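Trainee: Before we start, here is the structure in question, set down as structure tokens.
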Amino acid sequence: MARPKADFPPAEAILALADGEGRLALRVTPGARSEAVEIGQGKVLVKVRVKPEDGKANQAVLELLARALGIATSRLRMLRGATGREKLVQIES
């Protein structure tokens, strides 16, 4: 059975949470049942199915966030939080 497509909030709503320098605070849930990008608690909540092994979940987070924003993954850079659930991502312009 095909997995349902992830439903994303509008890109403008996600970008509104970024600071003046394009930094975005994320709360990540690796190993989730389904992939999703949500807005809550003043942060972007990202859920990915990938387990946190060898940076695979971090890459999945960047790919899912890029898809939600409609930009290339190469325009996102993780600044902080490579080994934790709280992450800070820079959106390159």
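Trainee: If you go through segment 1-18 one residue at a time, how many are of a type in the set (Asp, Glu) and either surrounded by 15 or more Cβ atoms within 10 Å (Cβ to Cβ) or at pLDDT 95 or above (or both)?
Mentor: 1
Trainee: Could I ask something else about it? Looking only at segment 31-67, how many residues end up being in contact with a helix residue (DSSP H, G or I) (Cβ under 9 Å, 6 or more places away or on another chain), on the phi < 0 side of the Ramachandran plot and not hydrophobic (A, V, I, L, M, F, W, C)?
Mentor: Residues that pass the stated criteria total 8.
Trainee: Which condition number does residue 48 fail, the rest of (1) hydrophobic (A, V, I, L, M, F, W, C); (2) over 15 Å from residue 88 (Cα atoms); (3) over 12 Å from the mean Cα position of the chain (by Cα) being met?
Mentor: (3)
Trainee: Cβ-Cβ distance below 8 Å, separation of 6 or more or different chains: which pairs start in segment 15-44 with a residue that is within 19 Å of residue 58 (Cβ to Cβ) and among the basic types (Lys, Arg) and end on one that is in a loop (DSSP other than H, G, I, E, B) and at pLDDT below 95?
Mentor: Filtered contacts from segment 15-44: 27/41.
Trainee: Quick one: count up the residues across segment 38-84 that are of a type in the set (Val, Ile, Thr) and farther than 20 Å from residue 16 by Cα.
Mentor: 3
Trainee: Return the total of residues in segment 68-93 being in contact with a helix residue (DSSP H, G or I) (Cβ under 8 Å, 6 or more places away or on another chain) and of a type in the set (Asp, Glu).
Mentor: 1
The values are calculated or read from the model by the stated rules, or taken from the named source; none is laboratory data. Computed from a predicted structure; not experimentally measured. Cβ coordinates were reconstructed from backbone atoms using ideal geometry, including for glycine residues, and neighbour counts include every protein chain displayed.
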